[in-house]
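Below: the structure, in structure tokens.
The values are calculated or read from the model by the stated rules, or taken from the named source; none is laboratory data. Please read these numbers as outputs of a predicted model, since none were measured by experiment. Backbone-built Cβ (ideal geometry, glycine too); neighbour counts: all protein chains shown. Heavy atoms of the whole protein, side chains included, go into the accessibility calculation; ligands, DNA and RNA do not. Shrake-Rupley method; radii C 1.70, N 1.55, O 1.52, S 1.80 Å.
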Amino acid sequence: MNSQWYGIVLLGGPGSGKGTQAVLLASTLNIPHISTGDLFRSNLKQGTPLGILAKSYMDRGELVPDEVTVGMVRERLNQPDCARGFILDGFPRNVAQAKALDAVLAETGKAISSVPYLHVSDAVLLERLSNRWTCRACGAVFNKVTPPPREGCKKEKCDGELYRRPDDEPETQKNRIRVYEKQTAPLIIFYAKRGLINEISGEQPVEHVQLDMLRAVNLGMQDASSRGKATPAAADEAC
Ligand code: AMP
């Protein structure tokens, strides 16, 4: 059993395949997949004040305010299942969140170890978002490459109903891509300056992308041990 600690941030535009890849990687490395979008959707389903607040931003494709999002992530990272690491999907989404994440990890002497970046062209992103179906019960995602079964989800005996996420509608999609380019894409430079970025083509078949991801995170671990841990102070210098 691998006792290595993995602090993985997955970067990529909306529809780049982060969710699909994160689920596979989490199962291989036996660490949790933490999607802030899923956490907000689950809060919304349960009708919590956090979910109700997040909905107004999600419906417009805008970011939920940083203090709310960072508080939610801090609480999640403090759960016992994160003791060996985690894969963050959809967080951080701007430089302020990335710095807040560094500070949260520094409290326990940890730092991000690798940042795979899934690159997919805008045209392909839009096409994927327009063909995306999500399972209401288990969150599985279907699209043109993995078409949805006609009778519902059927993933690992799930029987959930498939639906189109409201924020996958055309106008919201375009805004999500705009928000990504303006606020999230600068994180590529933020993490590249620390030598943590590994760019992977997200337009390859799912299993090829996964192999590249595994290589990227294991390479990140070797790099981290040979150069010492990246520190939040180093991150500040990088920006
Ligand atoms: P996702 O499922 O990652 O595409 O996220 C869906 C929506 O949830 C986003 O469009 C935002 O409104 C909100 N959201 C998810 N993650 C974050 C984050 N890190 N910061 C702010 N808002 C977020």
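For the reader, a short list of remarks on this structure follows.
- For segment 80-131, the solvent-accessible area of protein heavy atoms averages 35 Å² per residue (probe radius 1.4 Å; ligands and nucleic acids excluded).
- Prolate/oblate/rounded call for segment 1-136, Cα gyration tensor, a/c under 1.5 rounded: oblate
- When the chain is treated as a GNM with alpha-carbon contacts under 10 Å, the residue of Thr48, Thr134, Thr184 showing the greatest mean-square fluctuation is Thr48.
- For the residues Glu169, Glu107, Glu203, a GNM of the chain with alpha-carbon springs under 10 Å puts the largest fluctuation on Glu107.
- Net length gained if the chain between Glu127 and Lys55 were fully extended (0.36 nm per residue, minus Cα distance): 23.5 nm
- Sum of -39500 (n - 2.57) over DSSP H runs of 4+, divided by residues of the chain (222 nm, nearest 500): -14500 deg cm²/dmol
- Put a dot 7 Å past the Cα of Glu156, heading toward its Cβ, do the same for Ala137, and the two dots end up 1.3 nm apart.
- When the Cα convex hull of segment 99-181 is projected onto planes of every orientation, the mean area is 8.0 nm².
- Across Ala111, Ala26, Ala137, mean-square fluctuation computed from a Gaussian network of the chain (C-alpha pairs under 10 Å connected) peaks at Ala137.
- Relative to the longest principal axis of the Cα atoms of the chain, helix 66-77 runs at roughly 80 degrees.
- Cross-link table Lys55/Lys99; Lys110/Lys193; Lys18/Lys182; Lys55/Lys174, entries beyond 22 Å C-alpha to C-alpha: Lys55/Lys99
- If a spin label sat at a point 7 angstrom from the Cα of Ala96 along the line to its beta carbon, the backbone N atoms of segment 188-218 nearer than 18 Å would be those of 188, 190.
- Calculated over the chain: convex hull of Cα atoms, volume per residue (Å³): 125
- Between helix 170-179 and the chain: long-axis angle, C-alpha atoms, 0 to 90°, nearest 10: 10
- Using a probe radius of 1.4 angstrom, the carbon and sulfur fraction of the accessible surface of segment 83-153 is 57%.
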